[in-house]
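See below for the structure under consideration.
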Amino acid sequence: MKKSIILIMLLYAISIFAQYGDISWNSPQLTSNNSISFLEKNLDESNLFSLKNIRVLRDSSTFSFALFSWQDFKYSVGNFFSQNDNSYFLYYRSPDKQPNRLDPRSSLMPFHPNNVPLRSLLRFSLHSGSDFAVKDDNNYYFVYYGTKLSGYINRRLFFYGYWWAGHFAGDTDYAEKSKLIDSWTQNSNDNDHIHLDNITGKITYIGKGNFWSLSVGRGKYEIGNNIGGSIILNDDCNDYGYFSNKFIFKELYISFLHATLIPDSTSYEDTKTYTDKFLVVHKIGWTPDNKFELFIGEEVIYGNRSIDISYLLPQTFWRATEHNLADRDNVLIFAGMNWKPILQNVFYFNFIFDELKKSEMFGNWWGNKYALQMGNSYTFNQQKNIKLSLEFTAIRPWLYTHYILHNKFSHDGIGLGFPEGSNLIQFAGEFNIDLRQNLNFNLHSSFTRQGSIGNAFYINYNDRPSDSAEWLEGDITNKLSICPVITWQSLSHHKLKIGMNISKIDDEDFTEEFMISYQAIY
């Protein structure tokens, strides 16, 4: 009996440290770290609830609140300007074990005697910041504030919610080109300010055994390793609502996502009545070990009707489903591979296509719509995070286009495919190094060669000039881009970014954009 109790206690203790709370959905192993604004990069869900270094709480809970008392307020002000602090504006964590040590079964009960769920956490923070950008004689600044909330209940139900709001001032015409403007905005009465806000959040339940999860949320995702942008599903867009699930077995995983999108320019005059538009993705992956991953999947854009139950079956072949639904939706099939011959070296390959004919595989039939992306990332020094990544991308004309407006591969006016569009080849590189413990330098560069025909998602492919399409067809544009960024964590709760975006198109002169971004969070 004692051995059984000890075994149960041991398994329970192992489960506490084993559950890191990974609620991410198909987060790539490699993505670009090059961003000039702290609000620009997508949220990294994979490390949101990492519990590796959290000690086991016994008997009592932990609670802190910056405004609980005058002493707490003075203590929090000191922490806010500290160089080594991990406190929050509000923090609560319930114990991992029951206080009754005489009863070994008490540690397995889900509730504390005061009816608070065990193994639960709540974190709440306030954040604010400002971005300032200059290009030629134009400049603007963006000031914002917001909140961050995250936590879990019994280490089964995980949740987070991030919100920020702010306004642009200065040259508003220049500000409209900011990457932060990816959705609806509101101008002030005098048109001197552009107001916008954003919110992202998620609730995830992880089932027993940690092999399946079910989520509902608002956010955005990318599929496939990349540094220049994903060719499969990119996250340079507005957030969207979704529900998803994930099953992880020993060497196999299956994931599914159904999202609600906003169609492009299909509202009825000024009524803001939009046609329904949806994105569904299912992906199957094989990971025989920690060095190799192979995946395949489908994604469908459909709309102008309610949710189609046929696309809620992740185990079926959606290409055939779409044919049986009158061949009216936009279906793309993708595959990819990630290989680590050694721990610090990653080779990756991504592929996506819409239509292919075997007889025209190497011909110029316009319907050969596909893209491939391959790259390698090598970490020279893990402690200093010295990493060099190189990537090649090639995309045929017309890939992300469709003849039905609400089936464009886009969301709220921004493409969901490769950020630069299609009918292109691109060479990209990125170098990253931690100059000091709190000082990072990142350099991203790319050369893009793009044709003018069939190169954007909003073009109707029925308007194509002919039934053939050559690589880089049309007028060719050459674009060189270089973006160095320095990120400095000056204090525990204060961050600063300084960066430039230097670009050149064809024979035009170089253009330089300079930006400073500051953020404080507590």
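Picking from residues in region 258-298 that are β-branched (V, I, T) and surrounded by fewer than 13 Cβ atoms within 10 Å (Cβ to Cβ), the one that is modelled with the highest pLDDT is T273.
Consider region 420-450 and keep the residues that are without any contact (Cβ under 8 Å) to a residue 40 or more places away in the chain and either β-branched (V, I, T) or part of a loop (DSSP other than H, G, I, E, B) (or both). The one that is farthest from G224 (Cα to Cα) is Q437.
What do you reckon, is H402 crowded, with 20+ Cβ neighbours inside 10 Å, touching a helix residue (DSSP H, G or I) at 6+ places or on another chain (Cβ under 8 Å) and touching a residue at least 24 places away in the same chain (Cβ under 8 Å)?
Working: crowded, with 20+ Cβ neighbours inside 10 Å: yes; touching a helix residue (DSSP H, G or I) at 6+ places or on another chain (Cβ under 8 Å): yes; touching a residue at least 24 places away in the same chain (Cβ under 8 Å): yes.
The answer is yes for H402.
Per-residue answers, yes or no, for (1) among the β-branched types (V, I, T); (2) in contact with a His (Cβ under 8 Å, 6 or more places away or on another chain); (3) buried (at least 19 other Cβ atoms within 10 Å of the Cβ):
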| position | (1), (2), (3) |
| --- | --- |
| F132 | no, no, no |
| D136 | no, no, no |
| G146 | no, yes, yes |
| Y152 | no, no, yes |
| W164 | no, yes, yes |
| F168 | no, yes, yes |
| K179 | no, no, no |
| S183 | no, no, no |
| S188 | no, yes, no |
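Condition first: of a type in the set (F, W, Y) and more than 22 Å from Y162 (Cβ to Cβ). Now tell me which residues in region 476-522 satisfy that.
Our first condition is that a residue be of a type in the set (F, W, Y); within region 476-522, this holds for 488, 510, 514, 518, 522.
W488, F510, F514, listed by residue number.
Quick one: which of W398, W339 is among the aromatic types (F, W, Y), touching a strand residue (DSSP E or B) at 6+ places or on another chain (Cβ under 6 Å) and not in a strand (DSSP E or B)? Outline the logic, then answer.
Numbers: W339 fails: not in a strand (DSSP E or B).
Going through W398, W339 in turn, the sole match is W398.
Considering every residue within region 374-392, establish whether at least one is within 24 Å of K179 (Cα to Cα) and surrounded by 22 or more Cβ atoms within 10 Å (Cβ to Cβ). Looking through region 374-392, at least one residue is within 24 Å of K179 (Cα to Cα) and surrounded by 22 or more Cβ atoms within 10 Å (Cβ to Cβ). Remark: pairs (first residue in region 307-324, of a type outside the set (V, I, T); second residue assigned to a helix (DSSP H, G or I) and surrounded by 13 or more Cβ atoms within 10 Å (Cβ to Cβ); Cβ separation under 6 Å; 6+ apart in sequence or on different chains) = S310/T321. Every test in (1) within 30 Å of N84 (Cα to Cα); (2) within 23 Å of the chain's Cα centre (by Cα) is passed by I482 save one, and that test is (1).
Give me the residue from region 168-184 that is part of a loop (DSSP other than H, G, I, E, B) and at pLDDT 90 or above and, out of that set, nearest to S128 (Cα to Cα). Can you show your working first?
Initially, region 168-184 is screened for residues part of a loop (DSSP other than H, G, I, E, B), giving 171, 176-184.
Still in the list and also at pLDDT 90 or above: 171, 176-182.
Numbers: D171: 22, E176: 21, K177: 22, S178: 18, K179: 18, L180: 15, I181: 18, D182: 20 Å.
It comes out as L180.
Does region 489-504 include one or more residues that are surrounded by 15 or more Cβ atoms within 10 Å (Cβ to Cβ), part of a loop (DSSP other than H, G, I, E, B) and over 27 Å from the mean Cα position of the chain (by Cα)? Looking through region 489-504, none of the residues is surrounded by 15 or more Cβ atoms within 10 Å (Cβ to Cβ), part of a loop (DSSP other than H, G, I, E, B) and over 27 Å from the mean Cα position of the chain (by Cα). The set of residues from region 339-366 being in contact with a Leu (Cβ under 8 Å, 6 or more places away or on another chain) and surrounded by 18 or more Cβ atoms within 10 Å (Cβ to Cβ) comprises V346, Y348, N350, F351, I352, D354. Count of region 314-324 residues, restricted to those that are loosely packed, with under 13 Cβ neighbours inside 10 Å and more than 15 Å from D354 (Cα to Cα), is 2.
Looking only at region 361-395, count how many residues are among the aromatic types (F, W, Y) and assigned to a loop (DSSP other than H, G, I, E, B).
The first filter runs over region 361-395 and keeps only residues among the aromatic types (F, W, Y), leaving 362, 365-366, 370, 378, 380, 392.
Those left that are additionally assigned to a loop (DSSP other than H, G, I, E, B): 362, 366.
Count: 2.
In region 451-478, the residues that are at positive phi form Cβ pairs under 8 Å with partners that are among the β-branched types (V, I, T) and part of a loop (DSSP other than H, G, I, E, B), at six or more places apart or across chains, as follows: G454/T401; G474/I453.
Collect the residues in region 38-88 that are outside any loop (DSSP other than H, G, I, E, B) and among the hydrophobic types (A, V, I, L, M, F, W, C), keeping them in residue-number order.
Across region 38-88, the qualifying residues are F63, F65, W70, F73, V77, F80.
Is it the case that G417 is under 22 Å from the mean Cα position of the chain (by Cα), over 19 Å from S389 (Cβ atoms) and outside any strand (DSSP E or B)? Write out each step before concluding.
Numbers: under 22 Å from the mean Cα position of the chain (by Cα): yes; over 19 Å from S389 (Cβ atoms): yes; outside any strand (DSSP E or B): yes.
Yes, satisfied.
Being over 26 Å from G151 (Cα atoms) and at pLDDT 90 or above, is that true of even one residue in region 198-217? No: zero hits.
Yes or no: N432 out of contact with any helix residue (DSSP H, G or I) (no Cβ under 9 Å at 6 or more places or on another chain), over 30 Å from N460 (Cβ atoms) and modelled with pLDDT under 95? Give the steps one after another, and end with the answer.
Numbers: out of contact with any helix residue (DSSP H, G or I) (no Cβ under 9 Å at 6 or more places or on another chain): yes; over 30 Å from N460 (Cβ atoms): yes; modelled with pLDDT under 95: no.
Against the criterion (out of contact with any helix residue (DSSP H, G or I) (no Cβ under 9 Å at 6 or more places or on another chain), over 30 Å from N460 (Cβ atoms) and modelled with pLDDT under 95), N432 does not qualify.
Considering I248, I203, I227, the condition of being surrounded by 19 or more Cβ atoms within 10 Å (Cβ to Cβ) and aliphatic (A, V, I, L, M) is satisfied by I227 alone.
On the stretch given as region 81-101, residues that are at pLDDT below 80 and surrounded by fewer than 18 Cβ atoms within 10 Å (Cβ to Cβ) total 3. Looking at (1) within 30 Å of E513 (Cβ to Cβ); (2) among the charged types (D, E, K, R); (3) at pLDDT below 95; (4) not in a loop (DSSP other than H, G, I, E, B), can you tell me which one R105 breaks? If we test R105 against (1) within 30 Å of E513 (Cβ to Cβ); (2) among the charged types (D, E, K, R); (3) at pLDDT below 95; (4) not in a loop (DSSP other than H, G, I, E, B), just (1) comes out false.
The values are calculated or read from the model by the stated rules, or taken from the named source; none is laboratory data. Nothing here was measured: the structure is a model prediction, and the numbers come from that model. So basically every Cβ, Gly included, is an ideal-geometry build from the backbone, and we count neighbours across all protein chains shown.
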